[in-house]
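The values are calculated or read from the model by the stated rules, or taken from the named source; none is laboratory data. These numbers come from a predicted model, not from an experiment. Virtual Cβ from ideal backbone geometry, glycine too; neighbours counted across all protein chains shown. The protein model used for the area step is the full one, side chains on, heavy atoms only, and it has no ligands, DNA or RNA in it. Shrake-Rupley method; radii C 1.70, N 1.55, O 1.52, S 1.80 Å.
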Amino acid sequence: MRIPIADDHAVVRQGLKQILAAEFKHAVFGEASNGQQAIDLAWKEPWDVLVLDITMPGQSGLDVLKTIKKSRPKMPVLMLSMHPEDQFAVRMLKIGAAGYMTKESAPAALVGAVKKVISGGRYVSPALAEKMAAYLAIDVQTLPHERLSDREFGVLRLIASGKTVTAIAKELSLSVKTISTYRTRILEKTGMINSAELTHYAIQNQLVE
């Protein structure tokens, strides 16, 4: 069993390793503290499953997931986050994640999730599975952020975290003009009028930590 763990907090990585090592006695672990390291690990050698945090320095977990699925489409990626499942899970599963769970989940749930995705299944919590079934049964109004593309969603989160257009452009290696265009599209699609409203919305809906 080969399991790389990508999270920017060393204590979290160590805790996850301890939980998984107790179940998978002969597991070999890899570690990454940012998005680029996670991508490099995925390229370096084959792994059985990658445990990937959504919020990390540099590239977001969403962008890392996209990149990794292009190079290692068959490698299961289990997304781990502080954010509520109903805000992120469906988006991540559509991109190619094999599962999504919050960091508040019990250790047994993590072990169960890893076993399920390694066997070729997809993991969501029972609570999220129930919500997803409800969405299929009734016509649920789309939330504003669900209308955004993946890139727009990422820019929204960066704006809501307090970063300027210039800082976001530098972080994503894009021009200031391009980020400004994304911001304009985000405002149009969400029906909001400025960054302050976007920030309030993102915090209210737990899209940022």
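Observations
- Rolling a 1.4 Å probe over the heavy atoms of the protein chains gives the chain an accessible area of 51 Å² per residue.
- In Å², nearest 10: area of residue 199 left accessible to a 1.4 Å probe: 40 Å²
- Length gained when the stretch residue 104-residue 177 is fully extended (0.36 nm per residue, less Cα-Cα span): 22.4 nm
- Prolate/oblate/rounded label for segment 1-44 (Cα gyration tensor, a/c 1.5): oblate
- Calculated FRET efficiency, residue 17 to residue 166, Cβ-Cβ distance, R0 = 35 Å: about 0.40 to the nearest 0.05.
- When Rg and the Kirkwood radius Rh are both evaluated on Cα atoms of the chain, their ratio Rg/Rh stands at 0.98.
- Exposed-loop-free span, longest in the chain, where trypsin sites (Lys or Arg not before Pro) count as exposed if DSSP calls them loop and at most 11 other C-beta atoms lie within 10 Å: 75-209
- Straightening the chain between residue 130 and residue 149 buys 4.3 nm, computed as 0.36 nm per residue apart minus the Cα-Cα spacing.
- Of all accessible heavy-atom area on the chain, the percent that carbon and sulfur account for (1.4 Å): 56 percent
- Computed from the C-beta positions of residue 69 and residue 142 and an R0 of 22 Å, the FRET efficiency is 0.35 to the nearest 0.05.
- Derived scalar couplings between HN and Hα for segment 91-106 equal 4, 5, 5, 5, 6, x, 5, 8, x, 8, 8, 8, 6, 7, 5, 5 Hz in order, rounded to whole Hz, by the Karplus curve 6.51 cos²θ - 1.76 cosθ + 1.60 (θ = phi - 60°), x for Gly and Pro.
- Residues residue 26 and residue 188, FRET efficiency given R0 of 35 Å [Cβ-Cβ distance, rounded to 0.05]: 0.10
- Close amide H pairs (under 5 Å, H built 1.01 Å from N) link residue 105 with no residue at least 5 positions away or on another chain.
- Helix-only arithmetic for the chain: the sum of -39500 (n - 2.57) across DSSP H runs with n ≥ 4, divided by the residue total, places the mean residue ellipticity at 222 nm at -16500 deg cm²/dmol.
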